[in-house]
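Some notes on the structure that comes next.
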Amino acid sequence: MNIEKLPSGNYRITKQIKGKRYRFTLDHRPTKSEIESLVRASLKQDSEPDIKDSFEDCAIYYIKSKDNILSPTTEREYYGTLSRLSEDFRAKPICDISQRTVQTEINIHAARLAPKTVKNYHDFISTVLKTYRPDMHLRTSIPPKEKKYPIIPTDEEIKAVLDAVRGTEYWVPFMLGCCALRRSEICALELSDLNGNLLHIHRAKVRSRDSGMIIKDYPKTTDSNRKIYIPSELADRIREQGHIFDYHPNQLLKRLRREQKHLGQRKYDFHALRKYYASMAHAMGIPDKYIMQYGGWSSDHVMKDVYVKAMEDKDKAMQEKALEHLQGLL
């Protein structure tokens, strides 16, 4: 074991156990009992949890056991969800958690959070319990999902925004958004991904667990790895400037908000450009199969949720037209 005083005044303890090195940094010189306590905690964290351990210990071990499987975004969301569960629930031994315990925890969050968020919390709890209590089958009552219609910008709104950013570094990413690319996909693209006007989408730029940005070697889903044709003018512009988009992904929404305010448009997020593509392509009569392939949707359920509002608006217009005709008969 080695105890080293750092220039900052803190103390760094290094101890090797069974070939693995453990390091701890404290703001005071630790006693022997403190060091032993830190070592025990680290060894426990590295070992398979027991059902007598707390839900938090089991959850942390579960997340760490999936290091090479979970995406950085999912891993960050799991840790965030765990931190927002009640202190009592996190500290409860996993063997003592019952259906009533889970229902009580869900009721706490259902009183202040959206149904989708509550479902995500329950899914996380259920996943951890299923791993360490496989005999337990939850039948929790959770709030019903709210049916929300996405905001889909019109042709006029899209054209106005594109005209406003033409000649700037935002025109390329905005156009790619209208080609059904996700923001994470756009920001991970490189010039080498473009061949003629065929664009290969196979990476994603996402936030890491510590909120920094990293490039994943794969997009959101398996079906998101795709090659699509883009307009020749867009391909030429990319080659002319020599890059796709070199700024932080958040800058795309900031610039969109700026243009919306300047143009007097309603607010919609950058992802709405992707929704616009699905709605537009469907209205043109393009089969769902090809819309899914172009946009990298893994199922038609999500994709159809996008343009169902547009379809309902059209249905309403057709009904009003019929009612107008009937009114003329009175």
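The values are calculated or read from the model by the stated rules, or taken from the named source; none is laboratory data. Just so you know, these numbers come straight off a predicted model, no measurement behind them. Using ideal geometry, Cβ is built from the backbone for each residue, glycine included, and neighbour counts are taken over all protein chains shown.
The C-beta contact set for the stretch 172-184 (first residue farther than 13 Å from A278 by Cα, second residue modelled with pLDDT under 95 and part of a loop (DSSP other than H, G, I, E, B), distance under 6 angstrom, 6+ apart or interchain) comprises P173/F245; R183/P249. For the stretch 252-269, the set of residues classified as among the polar types (S, T, N, Q) and in contact with a Phe, Trp or Tyr (Cβ under 8 Å, 6 or more places away or on another chain) consists of Q260 only.
Reported count of residues in the stretch 63-105, each being over 22 Å from the mean Cα position of the chain (by Cα), among the aliphatic types (A, V, I, L, M) and crowded, with 17+ Cβ neighbours inside 10 Å, is 3. Which of the numbered conditions does Q251 fail, given that it passes all the others? Conditions: (1) at pLDDT below 90; (2) out of contact with any Asp or Glu (no Cβ under 6 Å at 6 or more places or on another chain). Against the list (1) at pLDDT below 90; (2) out of contact with any Asp or Glu (no Cβ under 6 Å at 6 or more places or on another chain), Q251 comes up short only on (1). Does K220 fit the bill of being assigned to a loop (DSSP other than H, G, I, E, B), in contact with a Lys or Arg (Cβ under 9 Å, 6 or more places away or on another chain) and in contact (Cβ under 8 Å) with a residue 40 or more places away in the chain? In short, yes. Among the residues examined, A235 qualifies as touching a strand residue (DSSP E or B) at 6+ places or on another chain (Cβ under 7 Å) and of a type in the set (G, A, S).
Of all the residues in the stretch 255-266, those that are touching a residue at least 40 places away in the same chain (Cβ under 8 Å) and of a type in the set (K, R) number 2.
Scanning the stretch 255-298 for residues that are assigned to a loop (DSSP other than H, G, I, E, B) and of a type in the set (A, V, I, L, M, F, W, C) yields F270, M284, I286, W297.
Could you check the stretch 148-189 and list, in sequence order, the residues that are among the aromatic types (F, W, Y) and crowded, with 20+ Cβ neighbours inside 10 Å? Within the stretch 148-189, Y170, F174 qualify. Only a single item in (1) in a loop (DSSP other than H, G, I, E, B); (2) touching a residue at least 60 places away in the same chain (Cβ under 8 Å) is not met by I158, and it is number (1).
Any idea which of L234, L252, L199 is touching a residue at least 12 places away in the same chain (Cβ under 8 Å), out of contact with any Pro (no Cβ under 7 Å at 6 or more places or on another chain) and either among the basic types (K, R) or not in a strand (DSSP E or B) (or both)? Exactly one of L234, L252, L199 is touching a residue at least 12 places away in the same chain (Cβ under 8 Å), out of contact with any Pro (no Cβ under 7 Å at 6 or more places or on another chain) and either among the basic types (K, R) or not in a strand (DSSP E or B) (or both), namely L234. Put simply, of S232, S192, S141 the only residue that is among the small types (G, A, S), surrounded by fewer than 17 Cβ atoms within 10 Å (Cβ to Cβ), in the same structural domain as E77 (by TED's automatic domain parsing) and more than 19 Å from the chain's Cα centre (by Cα) is S141. Listed by position, the helices (runs of 4 or more DSSP H) inside the stretch 44-128 whose residues that are at pLDDT below 90 number at least 1 are 55-65, 72-84.
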